[in-house]
Amino acid sequence: MVTKIKPQPGIMDITLYKGGASTVAGHQNVLKLSSNENPYGPSDKAKEAFSRAAHDLHRYPSTDHASLRGALAEVYGLDADRVICGNGSGEILHLLAQAYAGKNDEVIYTEHGFAMYRIYALTASAKPVVVPERDRTVDVDAILAACTKKTKLVYIANPANPTGTMIASSEVARLAEGLPPQAMLVLDGAYAEYVEGYDAGLSLIEARDNVFMTRTMSKIYGLGGLRVGWGYGPQAVIDVLNRIRGPFNLSSGALAGAEAAVRDTAYFEKCRSENARWREWLAQALAELGVPSDTSTANFILARFASEEEAVACNEYLQSQGIIVRLSGSYGFPECLRITVGDESACRRVVHGIAQFKGAR
């Protein structure tokens, strides 16, 4: 039977997003370095707060997220009224597309950008526009050249995934300044916390009305399982997004755990410091094995092999040793493996595995 019930244009062009693998057949002690998770997990204070929330599971959660927004405002120096919280930063990125892009509109992202940017555009029936990068880094001139009167959103991640590279704040400002008047720059700051002294675009947001930033608590805060993210931008944009946001989009446990995590600044600093230390060690150790990578500012490195064949073979060997990393062909890097920075034992184990692979060839 042929149905006349049809989805909106663009939806059937979406290929399902696939997250990093987490299991290997025949292995119990699997080392997962495929999803850029914090190897130290969430802070004890976050776990305790989440546990206490279990006593009120019969109650609906807050709809305005005031307590979490207040904590974020206090720690990051924000206006709490201009913070919006979501089911991961992905929900907020999606809401932006729903609210500001539609049929005959264009949404720009870069060629190696997060796969979901294209999906967000298509679900809004907008046209995804892919812009080339330069040396695995966002190219501001290429983005500005791609802008038209139809451009409504420009998504960039800074630091970027899967490359780990980032552009200077001056370049971000130049991009915002050069956009057409109807377009908004969306700064995806999923990995911003790993860059010490970086405000993720906050000063630019305070100075302009066409810049918005999103952040996640799935990475450095170790709360991927709770799905908490937040955004910050002009009051007019926040007001629009809150009109289409689900009123109970975050659970009580997620709100409690996230607030405790934000306030545990000592644990945050420890995680950032350890990541920086082992990221440098991992990149140098792999470089000595003939596997280079760009300087990463996130919690992973994009390891480059001589060919796609070698990358695939190395990935298969690592899996045979119970180690999971991420093949990056879907991001335009078939010759690369994205490797999450783990703790000391994880970093040493993955380097040992790659050394064994290289030695056997």
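Within the range 157-184, how many residues are on the phi < 0 side of the Ramachandran plot and either in contact with a Phe, Trp or Tyr (Cβ under 7 Å, 6 or more places away or on another chain) or outside the structural domain of residue 129 (by TED's automatic domain parsing) (or both)? The total comes to 5.
Kindly indicate the residue of the range 180-199 that is in contact with a Lys or Arg (Cβ under 8 Å, 6 or more places away or on another chain) and not in a helix (DSSP H, G or I) and also surrounded by the fewest Cβ atoms within 10 Å (Cβ to Cβ) among those meeting that condition. Ranking the qualifying residues of the range 180-199, first place goes to 196. One residue stands out in the range 162-179 among those that are touching a helix residue (DSSP H, G or I) at 6+ places or on another chain (Cβ under 8 Å) and assigned to a loop (DSSP other than H, G, I, E, B): the one that is surrounded by the most Cβ atoms within 10 Å (Cβ to Cβ), namely 162.
Test of understanding: among 100, 117, which residue is buried (at least 23 other Cβ atoms within 10 Å of the Cβ) and of a type in the set (Ser, Thr, Tyr)?
Numbers: 100 fails: buried (at least 23 other Cβ atoms within 10 Å of the Cβ).
The unique qualifying residue is 117.
Against the condition outside any helix (DSSP H, G or I), among the acidic types (Asp, Glu) and surrounded by fewer than 18 Cβ atoms within 10 Å (Cβ to Cβ), how does residue 239 come out, does it pass?
Working: outside any helix (DSSP H, G or I): no; among the acidic types (Asp, Glu): yes; surrounded by fewer than 18 Cβ atoms within 10 Å (Cβ to Cβ): yes.
No.
Among the residues of the range 205-236, write down those that are within 20 Å of the chain's Cα centre (by Cα) and either over 23 Å from residue 167 (Cα atoms) or in a helix (DSSP H, G or I) (or both). The answer is 205, 221, 222, 223, 224, 225, 226, 227, 228.
Of all residues being under 20 Å from the mean Cα position of the chain (by Cα) and in a loop (DSSP other than H, G, I, E, B) in the range 76-132, which is farthest from residue 35 (Cα to Cα)? Just the residue, please.
Just the residues of the range 76-132 that are under 20 Å from the mean Cα position of the chain (by Cα), to begin with: 76, 83-98, 107-123, 128-132.
The next check asks that each one be in a loop (DSSP other than H, G, I, E, B); those that pass are 87, 111-115, 132.
Working: 87: 18, 111: 20, 112: 17, 113: 15, 114: 13, 115: 14, 132: 25 Å.
So, considering only residues that are under 20 Å from the mean Cα position of the chain (by Cα) and in a loop (DSSP other than H, G, I, E, B), the one farthest from residue 35 (Cα to Cα) is 132.
Select, from 192, 142, the only residue that is hydrophobic (A, V, I, L, M, F, W, C) and within 14 Å of residue 298 (Cα to Cα). Full working, then the answer.
Values: 142 fails: within 14 Å of residue 298 (Cα to Cα).
Answer to the check: 192.
Residues that are assigned to a helix (DSSP H, G or I) and either closer than 16 Å to residue 36 by Cα or not assigned by TED's automatic domain parsing to the domain that holds residue 311 (or both) within the range 321-344 comprise 331, 344, listed in sequence order. If the condition is being in contact with a Cys (Cβ under 8 Å, 6 or more places away or on another chain) and either among the basic types (Lys, Arg) or farther than 24 Å from residue 265 by Cα (or both), then the range 55-74 contributes only 69.
It is to be established whether one or more residues within the range 74-93 are farther than 26 Å from residue 261 by Cα, of a type in the set (Lys, Arg) and in the same structural domain as residue 242 (by TED's automatic domain parsing). Working first, answer last.
Just the residues of the range 74-93 that are farther than 26 Å from residue 261 by Cα, to begin with: none.
No, the range 74-93 contains no residue that is farther than 26 Å from residue 261 by Cα, of a type in the set (Lys, Arg) and in the same structural domain as residue 242 (by TED's automatic domain parsing).
The values are calculated or read from the model by the stated rules, or taken from the named source; none is laboratory data. From a predicted model like this one, the values you see are computed outputs, not experimental measurements. Here Cβ is always computed from backbone atoms with ideal geometry, including for glycine, and neighbour counts include all displayed protein chains.
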